[in-house]
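Enquirer: Just passing along the structure, written as structure tokens.
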Amino acid sequence: MLIPVIAIYTIALGTLSLLIGLVDRRGTATHRCAQWWGRLILWTSGVRLELRGAPMPPAGTSCVFVANHSSIYDTPILLTAISHQLRIMAKATLGYVPFIGWHLSRSGHLLVDRKNPGASIFKKMKRLIGEGAS
């Protein structure tokens with residue numbers, strides 16, 4: 001039951017993200033679609049977040065957040081819990097997945113070829129930080 005519902009969220013918010021991406025070149029509004037996608041997945045799955053520890057840096061601050069990606073919920077949790085404009089570093093093959101890949105490509109996320117990552121990743125990260133993204 002969860003998979004069809006999550007697929008509907010992914011298609012609906014992915015389509016909205018793509019349409020918004022036509023005018024939102026920096027990815028700010030498309031990131032909001034991703035945040036709603038994460039929230040809806042957690043809500044549908046019955047996952048509740050409890051944030052503990054040191055307070056987050058102010059939302060306008062560019063930061064590097066690192067997660068070990070130990071479950072399928074990592075991405076929805078990060079998108080929900082972190083209020084910063086996030087740009088995710090993901091494997092390049094995700095760029096070929098309908099809706100998710102299209103969103104990643106259009107929203108300025110870093111798609112990395114694991115076999116040949118190259119130094120250009122750091123240039124892209126510097127550009128994103130300059131734009132206020134984390």
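The values are calculated or read from the model by the stated rules, or taken from the named source; none is laboratory data. In this text the structure is predicted, and so the values were computed from the model without any measurement. Cβ sites come from the backbone with ideal geometry, for glycine too, and all protein chains shown count toward neighbours. With ligands, DNA and RNA removed, areas are computed over all heavy atoms of the protein, side chains included. Shrake-Rupley method; radii C 1.70, N 1.55, O 1.52, S 1.80 Å.
Enquirer: Per residue, how large is the accessible surface of region 43-134? Use a 1.4 angstrom probe and give square angstrom.
Expert: I get 70 Å² per residue for region 43-134.
Enquirer: A follow-up question, please. Stretched out fully, how many nm does the piece from residue 22 to residue 73 gain, at 0.36 nm a residue minus the Cα gap?
Expert: Length difference between fully extended and current span is 15.5 nm.
Enquirer: Over the chain, what is the relative contact order in percent, taking alpha-carbon pairs closer than 8 angstrom and at least six residues apart?
Expert: Relative contact order here is 29 percent.
Enquirer: Given the options 80, 61, 15, state which has the largest fluctuation in a GNM of the chain using a 10 Å cut-off (strictly under) for Cα springs.
Expert: 61
Enquirer: Can you bin the chain into rounded, prolate or oblate? Criterion: square roots of the alpha carbon gyration tensor eigenvalues sorted a ≥ b ≥ c, rounded for a/c under 1.5, prolate for a/b above b/c, oblate for the rest.
Expert: Rounded, because the longest to shortest axis ratio a/c is under 1.5.
Enquirer: Please say if region 88-134 is rounded, prolate or oblate, where rounded means a/c under 1.5 for a ≥ b ≥ c the square roots of the C-alpha gyration tensor eigenvalues, and otherwise the choice is prolate for a/b larger than b/c and oblate otherwise?
Expert: oblate
Enquirer: Please sort 5-11, 64-70 by packing, taking for each peptide the average over its residues of neighbouring beta carbons within 10 angstrom, highest first.
Expert: Result, highest mean Cβ count within 10 Å first: 5-11, 64-70.
Enquirer: Same structure again: Rank-order 53-59, 31-37 by packing density, defined as the average count of other C-beta atoms within 10 Å over each peptide's residues, highest first.
Expert: So the peptides 53-59, 31-37, ranked by packing, come out 31-37, 53-59.
Enquirer: Can you work out the PRE-style zone for residue 97? Point 7 Å along Cα to Cβ, and I want the residues of region 45-86 with backbone N under 11 Å.
Expert: Answer for this model: 72-73, 75-76.
Enquirer: Here's something else I'd like to know. Percent of accessible area on region 1-72 owned by carbon and sulfur, 1.4 Å probe?
Expert: Of the solvent-accessible surface of region 1-72, carbon and sulfur hold 67 percent.
Enquirer: Further question on the same structure: What value, in deg cm²/dmol to 500, does the helix sum -39500 (n - 2.57) over DSSP H runs of n ≥ 4 give at 222 nm once divided by the residues of the chain?
Expert: So the helix-based figure for the chain works out to -15000 deg cm²/dmol.
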